[in-house]
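Engineer: Take this structure first; my questions come after.
The values are calculated or read from the model by the stated rules, or taken from the named source; none is laboratory data. Given the structure is predicted, the values throughout are model-derived calculations rather than measurements. Note that we place each Cβ from the backbone using ideal geometry, even for glycine, and neighbour counts take in every protein chain shown. Side chains included, ligands, DNA and RNA excluded: accessible areas come from the protein's heavy atoms. Shrake-Rupley method; radii C 1.70, N 1.55, O 1.52, S 1.80 Å.
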Amino acid sequence: MLSALAALSCWARSNGADRETTPERIPFEQQDSDWSEFPLHDPHALQIGSSNLDSFTLLSEAVQLTRGVVALPLALNFIASGYPVSPRPPEVETPFAYALSLGSGILFAYPELATITGVQGTVIYAITSAGPLMIFAFLGPIIRSKCPEGFVLTEWTRQRYGIIAACYISFLTCATMFLYMVAELSAVGQIMTVLTGMDGLPMIIVQCIVTTIYTSLGGFKISFITDTLQGVMVIGLIIIATITIGVKTKIDRSLIEPSGLTHTSLLGWQLLYILPVAVLTNDFFLSNFWIRTFASKTDKDLWIGVSVATVVALLILTLVGSTGFIAVWSGAFDPSNPDQEGSVAFFYLLEQLPSWTIGIVLVMVVTLSTAAFDSLQSAMVSTASNDLFRNKLNIWWIRGAVVLIIFPVVVLALKAPSILQIYLISDLFSASSIPVLVLGLSERFYWWRGFEVVVGGLGGIMTVFIFGTIYFGNAQEGANLILLQGGLYGNDWSAFGAFVAAPFGGLLWGFGACALRISFHFVMSKIKGTRFDALDKPLPVGRIVSEGEDAEGDEVQRIASQGLVTIDNKGKFF
């Protein structure tokens, strides 16, 4: 089926390449938020039909083919693509610390938390994992209106803050997706070992080969189609598994009260703040979500699609998480037994079910993992091509580089327990960098520049170190807190404090950097005798003014024959 879809996609692309006509650019104010008709780039730059197609052409065409996606397919894509969950305790040896929410790692992370914090933690974990998905419905229309020709967040970052800030965010984005690929392969490999007793490496290799082939042949279009089909499969399999567990599992009521899993806990309330910050900010680094956000036909379709995906994901995550305390109450998992690990509570429960249930779970695992992995591959190709090479390098060189990256991904996936701290660093970096980044979405912060974004992001991490040094009383422990070596599920306030220090500290450093930058411009204007313009509001993009009208040199494109200039505000770093 995948081969047929890939061939169909390639045929559609080649068929479209023979057309000589290009759509006329529709003024933004006439579009009524329907993005399906808005051409992504200058049609003269597309070179459709040329034998030397570069990545600019193919990426533009790929997203143009999906511009116009309506609500239901969009919802299924958001469900299948997956999104981040928070790291698990470091004392657990298995490597599912930062798996995708609807990747195969959900079978470990959510049931495990349920064995620690019970019903309260399960509900909070599910809500705070699914809820942040709505950020794409809130901010998607805003970013698309400000950067209608983009298809990833970093393109808006470049337009708003300049190339240095864009490279900073691009690095964090690619690093995050790389780590997610490692986590997904590690999860599917170890699940295969747990369920079948077989070595998971062959499954990892087969998955990499299959997803690489069909994403290379079909690009983002084939990834979008397969994710839609996989989303339907995941929902169906979850329903079957839920009914089976409900019918076949026997609850020992005498174990419910002694387990304490129906009571609230301090950790449960801490997670109510920590998880939204961790999940919400990391969502921004997932280009596979931003590509789908830009692919929606209208803002209404985006709202409906994301809302449906959020509700479905909430139900799925709650059901999967519930298997943790069900395993405890059925006697399948004993938290006091040192030979049993909470991370595999779901699989202890499976041992009490019919053998055919394992087959359903295996199909679900492969479906979840493949959907998440191909989305990450496509997103990494798009991000690298757009951000690093500005879509001027042949797309096959980019895809070749992604294939080469898969080799270290597989190696690290086999040794994933040793890279747990890297996931936690990613969490804190996103928590410190995203708040200072999104301020630029507001017109009131027109004076906010890329310098503040970079300084604020790095300053947030420095604030975590300062907090840790004060909290623990020594600098070494403060440095260790950046790695969150104590995990998120400890019995103190260190992790909570770190996720307070990262975003709020980043904002404080950002405003400090802003004051320093403006002061520098003020002093330089006095020294040089020029006008102080650091707080000037940029002119509207696309406005045509006369030569004598005030506009900065890097904001204009001259039309010499008419004596006019067109405003083109470029992002400024400093």
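Engineer: If you scan the stretch 365-381, which residues turn out to be crowded, with 21+ Cβ neighbours inside 10 Å, under 19 Å from G200 (Cβ atoms) and not hydroxyl-bearing (S, T, Y)?
Structural biologist: Once the filter is applied, which keeps residues that are crowded, with 21+ Cβ neighbours inside 10 Å, under 19 Å from G200 (Cβ atoms) and not hydroxyl-bearing (S, T, Y), the stretch 365-381 yields V365, L368, A371, A372, F373, D374, L376.
Engineer: Residue check, P141 against (1) assigned to a helix (DSSP H, G or I); (2) modelled with pLDDT under 80; (3) open to solvent by 10 Å² or more (accessible area, probe 1.4 Å), all met but one. Which one?
Structural biologist: (2)
Engineer: Using the structure shown, decide if L439 is surrounded by fewer than 24 Cβ atoms within 10 Å (Cβ to Cβ), among the hydrophobic types (A, V, I, L, M, F, W, C) and either under 19 Å from L153 (Cβ atoms) or touching a Cys at 6+ places or on another chain (Cβ under 9 Å) (or both).
Structural biologist: Considered against the rule, which asks whether it is surrounded by fewer than 24 Cβ atoms within 10 Å (Cβ to Cβ), among the hydrophobic types (A, V, I, L, M, F, W, C) and either under 19 Å from L153 (Cβ atoms) or touching a Cys at 6+ places or on another chain (Cβ under 9 Å) (or both), L439 comes out as yes.
Engineer: Of the residues that make up the stretch 399-422, is at least one touching a Leu at 6+ places or on another chain (Cβ under 8 Å), part of a helix (DSSP H, G or I) and of a type in the set (F, W, Y)?
Structural biologist: No, the conditions are met nowhere in the stretch 399-422.
Engineer: Checking K392 against (1) of a type in the set (D, E, K, R); (2) touching an Asp or Glu at 6+ places or on another chain (Cβ under 8 Å); (3) not in a loop (DSSP other than H, G, I, E, B): exactly one of these is not met. Which one?
Structural biologist: Condition (3) is where K392 drops out.
Engineer: Looking only at the stretch 182-241, which residues are open to solvent by 60 Å² or more (accessible area, probe 1.4 Å) and of a type in the set (F, W, Y)?
Structural biologist: Selection gives nothing.
Engineer: When the stretch 420-458 is examined, which residues are found to be of a type in the set (D, E), touching a helix residue (DSSP H, G or I) at 6+ places or on another chain (Cβ under 8 Å) and at pLDDT below 95?
Structural biologist: Correct list: D427 only.
Engineer: Working only within the stretch 476-511, note down all residues that are open to solvent by 40 Å² or more (accessible area, probe 1.4 Å) and closer than 30 Å to Y446 by Cβ.
Structural biologist: Correct list: V500, F504, L507, L508, W509, F511.
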